Amino acid sequence: MKKNKLKKGIIITLIVVVVLVAVGSFAFGGYVADQILHQNAGKDTHDNSLKQMEVWGYDYQAFEKEYKGTEVSATAEDGNTVPGTYYSNDSDTVVILVHGAGGDRACVAPLAEGYLERGYDVIAIDQRGCGANADDRVTFGINEQLDVKAMVEYARVSLGKKTVYVHGQSMGAQTTAIYASNVKPGAVNAADAIICDSPVPGMELILKEMFGDGNTESFAANYLTGTSKLYMGLVNGINYDEGDTINVVKKDMIPTLIICSDKDEVCLPNQVEKIYNNVACENKAIVHFDSAHIEGIIDYPEEYMDSVEDFLNSNK
């Protein structure tokens, strides 16, 4: 009888421990998920952009003096308002530029200048959680791609542009790749071609690398990512798998140029090459620059833009 009571007590204790661990892990996952979604809370993303351009040695004030943009906005299908700056050359072709993590639309000024010098119109947008975007949540392209859809449609319908391209950098390139994988070629919200410079290879993968300090197999990497993935899926309705760039692009039927930075320590060259290999569209190309993360346009501006134009011209 005493043995049965002891056994029963041990089982109850184990059940209680398991429940507490499960509840605690779920609650902790909620905390981690909130930190991921609101990673820019309290940060000045515009100032971050200005500081980054100082590091690059890029004269942003000269760009602003030379090119006068006008404010535009579009409304995404989920009701979010996406803000942008429109730079006009009176061209029938416009390029929508999508910045990376932690900055805002100002950070794409070197790219904007490259396109403007060659006669294109440009729209630089703020991603969610950045700049003046109304949504304060960062979802690694999952929701941000809705904003790109809206701005492409705005460019065609409201601005009357015949040709629309989308060019993203880093997390903006991830957004661009996910966007292209969720539109039908020829639709009003589908770009004629996209350019992805150093795209983030996937939401879950990049979080594992961050949490595991580069070791994606570590307990910390898998525990923190796993608990936040569960919570975000159940509570926030966000599925990490939809932000898996490497796999998502298997649905990308839009002509796609991938730009790989061979000295990239953020989005590793082999990861970027995997994205390229999986792009479904036959009209695809990859170019390499001997640069750090997204710095091809800084180190080799003419060669960079020549590569982009060669690709775009080949897909007209």
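Here are a few things to note about the model shown:
- Taking the C-alpha atoms of segment 161-200, convex hull volume expressed per residue in Å³: 54 Å³
- Placing a label point 7 Å from the Cα of Ser158 along the Cα-to-Cβ direction, the residues of segment 67-95 with a backbone N closer than 11 Å are 71-76, 81-86.
- With R₀ fixed at 22 Å, the C-beta to C-beta distance from Glu309 to Lys250 puts the FRET efficiency at about 0.20.
- Structure remark: mean-square fluctuation, Gaussian network model of the chain, C-alpha springs under 10 Å; the largest value among Asp44, Asp192, Asp252 belongs to Asp44.
- For segment 190-280, trypsin sites (Lys or Arg not before Pro) are listed when DSSP marks them as loop and at most 11 other Cβ atoms sit within 10 Å of their Cβ; the list is empty.
- Length added when fully stretched, Asp78-Lys43, from 0.36 nm per residue minus Cα-Cα: 10.1 nm
- Between the amide H of Val98 and those of His167, Gly168, Gln169, distances stay under 5 Å, these residues lying 5 or more places away or on another chain, with hydrogens modeled in the peptide plane.
- Taking 0.36 nm per residue of sequence separation and removing the Cα-Cα distance, the Lys65/Asp241 pair yields an extension gain of 59.1 nm.
- Residues whose amide H falls under 5 Å from that of Ile238, counting only those 5 or more places apart or on a different chain, are Gly233, with hydrogens built in the peptide plane.
- Taking a point 7 Å from the Cα of Ala292 along the Cα-to-Cβ direction, the residues of segment 39-64 with backbone N closer than 17 Å to it are 48-59.
- The candidate values are (1) 1.07; (2) 1.15; (3) 0.97; the one derived from this structure for Rg/Rh (Cα atoms, Kirkwood Rh) carries the label (1).
- Centre-to-centre separation between the Cα atoms of segment 263-316 and those of segment 62-137: 20 Å.
- Pairs over the 21 Å Cα-Cα cut-off, from the set Lys184/Lys274; Lys250/Lys316; Lys184/Lys250; Lys149/Lys184: Lys184/Lys274; Lys250/Lys316.
- Exposed GluC sites (Glu not before Pro) absent - longest run of the chain, DSSP non-H/G/I/E/B, at most 16 other C-beta within 10 Å: 78-216
Every read-out reported here was derived from the displayed coordinates using simple, explicitly stated rules and does not represent laboratory data. Nothing here was measured: the structure is a model prediction, and the numbers come from that model. Positions of Cβ are generated from backbone atoms using ideal geometry, with glycine treated the same way; all protein chains shown enter the neighbour counts.
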